Amino acid sequence: MAKAREQWGSRVGFIFAAAGSAIGLGNIWRFPYTAYEAGGGTFLIPYIVALLAAAIPLLLLEYSVGHKFRSSPPLAFRKLARSMEPVGWWQMAICAVIACYYAVIVAWAIRYVFFSLGLNWNDAPDTETFFADFLHAGAPGEAPSMVLGVAVPAALVWLITLVVLALGIRKGIEIANRIFIPLLVVIFGFLVVWSLTLDGAVEGLNAFFTPEWNRLLDADVWLLVFGQLFFSLSIGFGIMVTYSSYLRRKADLSGSGLVVAFSNSSFEILAGIGVFAALGFMATSQGTTVGEVVEGGVGLAFFSFPAIVSELPFGSIGNGLFGALFFASLVIAGFTSLISIVQVVVSSIQDRLGLGRVAAVALVGVPMAVVSVSVFSSSQGLNLLDVVDHFINHYGVVFAGLVSVVLVAWVYRRLPQLRNHVNESSSFRLGRGWMITLTVLTPIGLGAVLITSLIAELDAPYGDGAFSNEFLFWAGWVVAGGALLFGLLMALIPWRNADHINVEPARAESKEERR
């Protein structure tokens, strides 16, 4: 007899957990720079259109699959259609890879909290010393060595994450997100207000919101929008399928999805305001423009902000507090997202082997932690992280999302059935527009992102010559392709003693479902 599946304690608990997954490091350091690069205020128009026309429909699709079949991605897709099981394992493998390097970035942020609290930002790595003194980064291909300054906090990150997961859905994940998400909003909201009081904040906001109307019809802008939304909402790698599987039978799927989607987008815009207000101050204090000081990704968090904090007019204690709060927000956002990523792997193994939660956490968590600490905390960690993150996101997450949508909408034509499932208990009913969006707009958007990225990759290999072709192949293409191969191989292994698996047979759609 199969054990009863765990459940969230309440709808609010699920919303906090889903929001915690969606609100991650990318919201704070990726969205502001992406919006700026895509035309400032112009970016918000396609952002809203893509959010309503593609991202939310795909989010609700994943909610419907997870909730209807009440399983992790491999088993949920298997129940939907037996041949879709590899997609679930593929998404699980992607989560395992992302978790291994994501935990190390959280570890960096932990170190920076202590740099801030030390009230001596001269000891904090700047742009020049970040690679050499903090990460001890070597050239690609050099023999790696362990960097204890990264390995120790990374091990701590994994310990906390696995303890939370071992406590379960209600006592672990739900409680952690109920604490962390309100705390994150309060801390970051305080930082935004504080940033708006700085000299030059208006210049930063002008740079962030001033539209470049000529870019509204630029295809690259729309591709950036799709990429940002799919990644920030945790779409395409099984997280929302997993989280929705723990909801009660009568759950408001569409209402919860809308709350999560708009909460994530609101936080992204809040992050943009806070970050660019601070960048405006930095530009003013240096007598230059925002465009000269803005950086994206890791550079924004670990290069620009230490430089900003060192020039703040609040004194050593005030500056240290500002820096500590900023990096604490990164730590919190990183933790909530990491928990959700690893939970996909844990849930998949639980369903596959019929293990209890603690056993599954130990079985998958310990090896992942070892790989994370030993590989990505080494002197080659940054090089591997940089390349693996690029390839697994661009050619793993996007491709997996595209394949899942095409199979569900076009091959197996299960959208009517999933729509009816959502409408059974949801406050906002899905209509034909939802199915048309997923059948046409979403595949086109994902396909365009994938094809454009691939063409650019072949035209100019990632890194502009910083990485050898051999390094790019093994660290990038092999990892991204390996996740797909893992999914195909896992689906070939027969399920044993799986009385909880009830694969729903294919059936003809009713007239009501086709409407």
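Here is a yes/no grid of residues against (1) at pLDDT below 95; (2) in a helix (DSSP H, G or I):
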{"site": "Pro313", "(1), (2)": "yes, no"}
{"site": "Ile317", "(1), (2)": "yes, yes"}
{"site": "Ser329", "(1), (2)": "yes, yes"}
{"site": "Val345", "(1), (2)": "no, yes"}
{"site": "Val366", "(1), (2)": "no, yes"}
{"site": "Leu384", "(1), (2)": "yes, yes"}
{"site": "Asp389", "(1), (2)": "yes, yes"}
{"site": "Val397", "(1), (2)": "yes, yes"}
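The residue of the stretch 118-135 that is modelled with the highest pLDDT, among those that are in a helix (DSSP H, G or I) and open to solvent by 70 Å² or more (accessible area, probe 1.4 Å), is Asp133.
Residue-wise test of (1) open to solvent by less than 80 Å² (accessible area, probe 1.4 Å); (2) in contact (Cβ under 8 Å) with a residue 40 or more places away in the chain; (3) among the hydrophobic types (A, V, I, L, M, F, W, C).
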{"site": "Val163", "(1), (2), (3)": "yes, no, yes"}
{"site": "Leu167", "(1), (2), (3)": "no, no, yes"}
{"site": "Ala176", "(1), (2), (3)": "yes, yes, yes"}
{"site": "Leu183", "(1), (2), (3)": "yes, yes, yes"}
{"site": "Phe188", "(1), (2), (3)": "yes, yes, yes"}
{"site": "Leu191", "(1), (2), (3)": "yes, yes, yes"}
{"site": "Trp194", "(1), (2), (3)": "yes, yes, yes"}
{"site": "Leu198", "(1), (2), (3)": "yes, yes, yes"}
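All of (1) open to solvent by 70 Å² or more (accessible area, probe 1.4 Å); (2) closer than 18 Å to Asn206 by Cα; (3) not in a helix (DSSP H, G or I) hold for Glu295 with one exception: (1). Do the conditions hold for Gly482, that is, is it part of a helix (DSSP H, G or I) and within 20 Å of Tyr101 (Cβ to Cβ)? Answer is yes for this residue. One residue stands out among those in the stretch 373-427 that are buried (at least 23 other Cβ atoms within 10 Å of the Cβ), of a type in the set (Ser, Thr, Tyr) and more than 26 Å from Lys250 (Cβ to Cβ): the one that is farthest from the chain's Cα centre (by Cα), which is Ser378.
Scanning for something in a loop (DSSP other than H, G, I, E, B), open to solvent by 10 Å² or more (accessible area, probe 1.4 Å) and over 21 Å from Ile181 (Cβ atoms), does the stretch 272-284 turn up at least one residue? No, the stretch 272-284 has no match at all.
Each residue in the stretch 353-372 was checked for being open to solvent by 30 Å² or more (accessible area, probe 1.4 Å) and over 14 Å from Ile169 (Cβ atoms), and 10 pass.
Listed here are the residues, each with its yes/no results for (1) within 28 Å of Tyr246 (Cβ to Cβ); (2) touching an Asp or Glu at 6+ places or on another chain (Cβ under 7 Å); (3) surrounded by 24 or more Cβ atoms within 10 Å (Cβ to Cβ); (4) among the acidic types (Asp, Glu).
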{"site": "Gly26", "(1), (2), (3), (4)": "yes, no, no, no"}
{"site": "Trp29", "(1), (2), (3), (4)": "no, no, yes, no"}
{"site": "Val49", "(1), (2), (3), (4)": "no, no, no, no"}
{"site": "Ile56", "(1), (2), (3), (4)": "yes, no, no, no"}
{"site": "Leu59", "(1), (2), (3), (4)": "yes, no, yes, no"}
{"site": "Arg70", "(1), (2), (3), (4)": "yes, no, no, no"}
{"site": "Ala99", "(1), (2), (3), (4)": "yes, no, yes, no"}
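The values are calculated or read from the model by the stated rules, or taken from the named source; none is laboratory data. If you're wondering where the values come from, they're calculated on a predicted model, not measured in any experiment. Positions of Cβ are backbone-derived with ideal geometry, glycine not excepted, and every protein chain shown enters the neighbour counts. Heavy atoms of the whole protein, side chains included, go into the accessibility calculation; ligands, DNA and RNA do not. Shrake-Rupley method; radii C 1.70, N 1.55, O 1.52, S 1.80 Å.
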